[in-house]
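Encoded as structure tokens, the structure appears first; notes follow it.
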Amino acid sequence: MSMPSIDLNCVKCDGIWNESITWGPHLYVHEGLKVSINRELVWCKSCDSFTPVELFEQNDVLSQFNEIRQELDRLLAYPILQVISKSRRYRIKDYQNQLSELALKLYIYSKRLGSEKCLSCESTDLIEFKNDYSLDYQSGLYRGMKKTGFSHPNCGGEIIAIPNPIRFNRRYTPKLYDIEGLALPNNDSF
């Protein structure tokens, strides 16, 4: 399936970046577990570019953890149904796996909060890009243009968001990282 994307253009120096750099699976790998890395778009001074960076949102993970734990408690409340229902056993196992993954995320977030790294070069020399670059989405395409209010660190030009005219259809190789945010060699066994 092809996907539309948004370009981030500098009005002064004609620099162009695409928000699709955050796409694709990015995973922490630790003791046989793999968990997705939440990420956001930032300006990396080392890369001299927009790039994906780790995003540590503890409240979202805690909320998910509590929801899943409550559902698991509900499923475990009637042990006889676990014996009778194969699908119930599968759901319980799935919820237990999700809890393990969320617990790992919470561990990583609590250990590393404030030391988020660029997922391209592992630098921590970053400039936040909390500016809104969303565009109207109609009939499978982005429409319009938006000034973001973000000043390009190199030249001072404002970054504007515009639709990219090309729809991307991509395959991704998972990008693997240890819990310190350091890139691991890709391994097909994961």
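Take residue 80 and decide whether it is modelled with pLDDT under 95, exposed (fewer than 12 other Cβ atoms within 10 Å of the Cβ) and β-branched (Val, Ile, Thr). Reasoning before the result, please.
Working: modelled with pLDDT under 95: yes; exposed (fewer than 12 other Cβ atoms within 10 Å of the Cβ): yes; β-branched (Val, Ile, Thr): yes.
Yes, satisfied.
Of the residues making up region 114-135, those that are farther than 23 Å from residue 185 by Cβ and open to solvent by less than 100 Å² (accessible area, probe 1.4 Å) are 114, 125, 126, 127, 129, 131, 132, 133, 134, 135. Taken over region 143-162, the residue count meeting the criterion of being touching a Ser or Thr at 6+ places or on another chain (Cβ under 8 Å), in contact (Cβ under 8 Å) with a residue 40 or more places away in the chain and of a type outside the set (Gly, Ala, Ser) is 3.
Residues of region 141-183 that are within 30 Å of residue 29 (Cβ to Cβ) and surrounded by fewer than 12 Cβ atoms within 10 Å (Cβ to Cβ): 169, 170, 171, 172, 173, 182.
Hey, does region 81-99 have a residue that's touching a residue at least 60 places away in the same chain (Cβ under 8 Å) and closer than 25 Å to residue 55 by Cβ?
Kept after step one, since they are touching a residue at least 60 places away in the same chain (Cβ under 8 Å), are these residues of region 81-99: none.
Looking through region 81-99, none of the residues is touching a residue at least 60 places away in the same chain (Cβ under 8 Å) and closer than 25 Å to residue 55 by Cβ.
Among the residues of region 26-36, the ones that are at pLDDT 95 or above and either within 22 Å of residue 159 (Cα to Cα) or part of a loop (DSSP other than H, G, I, E, B) (or both) come to 0 in all.
The values are calculated or read from the model by the stated rules, or taken from the named source; none is laboratory data. Values in this document were obtained by computation on a predicted structure and should not be read as measured data. No Cβ is skipped: glycine too gets one built from the backbone with ideal geometry, and neighbour counts run over all protein chains shown. Accessible surface is based on the protein model in full, side chains and every heavy atom, while ligands, DNA and RNA are left aside. Shrake-Rupley method; radii C 1.70, N 1.55, O 1.52, S 1.80 Å.
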